[in-house]
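Colleague: This is the structure I have questions about; it appears just below.
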Amino acid sequence: MILATIGVYFGLVLVGASPVLGHAATTRNFEISDEIEINDDLDRKPDDKPSPLAMSIGNYYADLELFIESLEKLQRNGRFNLAVDTFDISQSTALPCVAGNIVGSYTAESFVSANAALRPTLEWIEKRLTDGYAFGDCVPSERFDGQEATQSRFALNLDADNGLTLEVTGLRRSPADANALLRELTHGWNQFRAQNRKPIEKYVSDGTTLGVSGAKILVVTRLPRAALNTLLAEDAK
């Protein structure tokens, strides 16, 4: 298990975008690795302007789809076995609400997997989950001496009992703000559900629940092993 707090500096250009939604509400620039063959299906026509929230939801679907496809490829190559392999990764993040160069604080809570072949794929999905899909709001952060930042957390694990579970949380300014976002998210998620075309999209829709805990928004997707067996079949794509 890795327990560490990492502060990193990086450049983020936000052109006409809110610092809160700047990273999640953009079409992802996917990295290409040996295990993840990526074709960005979220490219849009110049005159197509989806809302930042819709793009955040779309990225959530796309990231899970690409992650499942990567596991399928590993399994096909004999480097992953759904019957025996497990993993557990979790991290909390704080991103200050300023444009330009910003400081990000990342606290890795766990990164556990006995299968070394899974590590590149797990590191890839860890990067995709870092910003919490902009579900967090700008709130004072102790990590930055009270400066406002978006605060989020994710946990992704695979085990014999529960299958694959992804939980993403974002901190809002108040319980009222969390409930307001929940209503918007529910509406946006229902729109995506109505447009599901692939098996993975339907499984993600059926397995996802939205909720609120105090001032936190909760997005939880559970894919039982029966669903994973179907999705990891080579002909499921």
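Each reported figure results from applying straightforward, stated rules to the coordinates on display, with no laboratory input. Here the structure is a predicted model, which is why all the values come from computation and not from measurement. Virtual Cβ from ideal backbone geometry, glycine too; neighbours counted across all protein chains shown.
Colleague: What list do you get for R172, R143 if you sort them by fewest beta carbons within 10 Å?
Modeller: Numbers: R172 24, R143 19.
Fewest-to-most Cβ neighbours within 10 Å comes out as R143, R172.
Colleague: Place +1 on the Cβ of every Lys and Arg and -1 on the Cβ of every Asp and Glu in the stretch 66-220, take the dipole about the Cα centre, and give the residue among L158, L82, F192 whose Cα lies farthest towards its positive end.
Modeller: Result: F192, furthest along the dipole toward the positive end.
Colleague: State the Kirkwood hydrodynamic radius of the stretch 86-237 in Å, one decimal place, computed from all pairs of distinct Cα atoms.
Modeller: That comes to 16.8 Å for the stretch 86-237.
Colleague: Here is a further query. Using only alpha-carbon positions, what ratio does the radius of gyration of the stretch 166-237 give when scaled by 2.2 N^0.38 Å?
Modeller: 1.29
Colleague: Using Cβ counts within 10 Å as a stand-in for footprinting exposure, how do E142, E72 rank, fewest first?
Modeller: So the ranking, lowest neighbour count to highest, is E142, E72.
Colleague: How compact and how long is the stretch 128-176, expressed as Rg and Dmax of its alpha-carbon atoms in Å?
Modeller: 13.5, 42
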